[in-house]
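Read the structure below first, then the notes.
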Amino acid sequence: MNVEEIYKEAEALLEGHFILSSGNHSNRYLQSAKVLENPKRAAILAEALAQLIKASGVEVDTVCAPALGGILAGYELARALGVRSIFVERKEGAMELRRGFEVKQGEKILICEDIITTGGSAMEAATIIESLGAEVVGFASLANRGFCQRVGSNIPPKSECKLPSDKPLFSLEDFTFEMYTPDACPMCQAGSEAIKPGSRNA
Ligand code: ZN
């Protein structure tokens, strides 16, 4: 399966001149919600991710996603694994388990995102889940930006990665982009103007 091709077909992988959320510029951008716009495509990706997890032997009772970005990916992954799906969400800045969702002592939880950048939200979700007595067995995402090392990839983790090195990260593909600070961006120097994706119609 060519994951990059699937993202391109979904117009989730953009090429041009973009301002990333970090403020840096890049010639590529992942609009990762777009790949889940088509439920059939979402199911295909989640099934492939579920196969990776099953092959690893890691046991999962429940998939937990950080809202909002992780919910669709987490739900589809839970369906593919045949397990329960829950999510945590921010309430006044802090991540919480709400809406009647509960976890049991020792319950094996996989934290799932649509995309892992540095893993900050995933790590916050893991911290709240473990504080409630469940066990975080690993992390999963459809796409990985290459800051954290996914199982099977030879791209080493960067210092920005917030995920623990003793737990696996399952992901379908590394999307590593060339990034530039605005004053060192060759596209800016060539006279092109960087745009913020998603704001085209603003
Ligand atoms: Zn630029």
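Every number here is computed from the coordinates shown, using simple stated rules; none is lab data. Note that the structure is a prediction, hence the values are computed from the model and not measured. Counting neighbours? That spans all protein chains shown, and the Cβs are built from the backbone with ideal geometry, glycine included.
Just one of the listed residues (K54, K91, K8) is in contact (Cβ under 8 Å) with a residue 24 or more places away in the chain, surrounded by fewer than 19 Cβ atoms within 10 Å (Cβ to Cβ) and not hydroxyl-bearing (S, T, Y), namely K54. Entry remark, the range 160-200: residues being over 28 Å from E124 (Cβ atoms) and in a loop (DSSP other than H, G, I, E, B) number 8 in total.
Screening R79 on (1) within 16 Å of the chain's Cα centre (by Cα); (2) surrounded by fewer than 19 Cβ atoms within 10 Å (Cβ to Cβ); (3) under 24 Å from P39 (Cα atoms) shows it passes everything except condition (1). Of the numbered criteria (1) over 25 Å from A80 (Cα atoms); (2) of a type outside the set (A, V, I, L, M, F, W, C); (3) part of a strand (DSSP E or B), the one P157 fails is (3).
Right, Y29: of a type in the set (F, W, Y), under 23 Å from T176 (Cα atoms), in contact (Cβ under 8 Å) with a residue 60 or more places away in the chain and not in a strand (DSSP E or B) or not? So Y29 fails the test. For the range 155-176, the set of residues classified as closer than 13 Å to N144 by Cα and surrounded by fewer than 16 Cβ atoms within 10 Å (Cβ to Cβ) consists of I155, P156, K158, T176, listed by residue number. Would you mind finding the one in A48, A55, A42 that is over 21 Å from I129 (Cβ atoms), more than 18 Å from the chain's Cα centre (by Cα) and part of a helix (DSSP H, G or I)? None of the others qualify; the one that does is A55.
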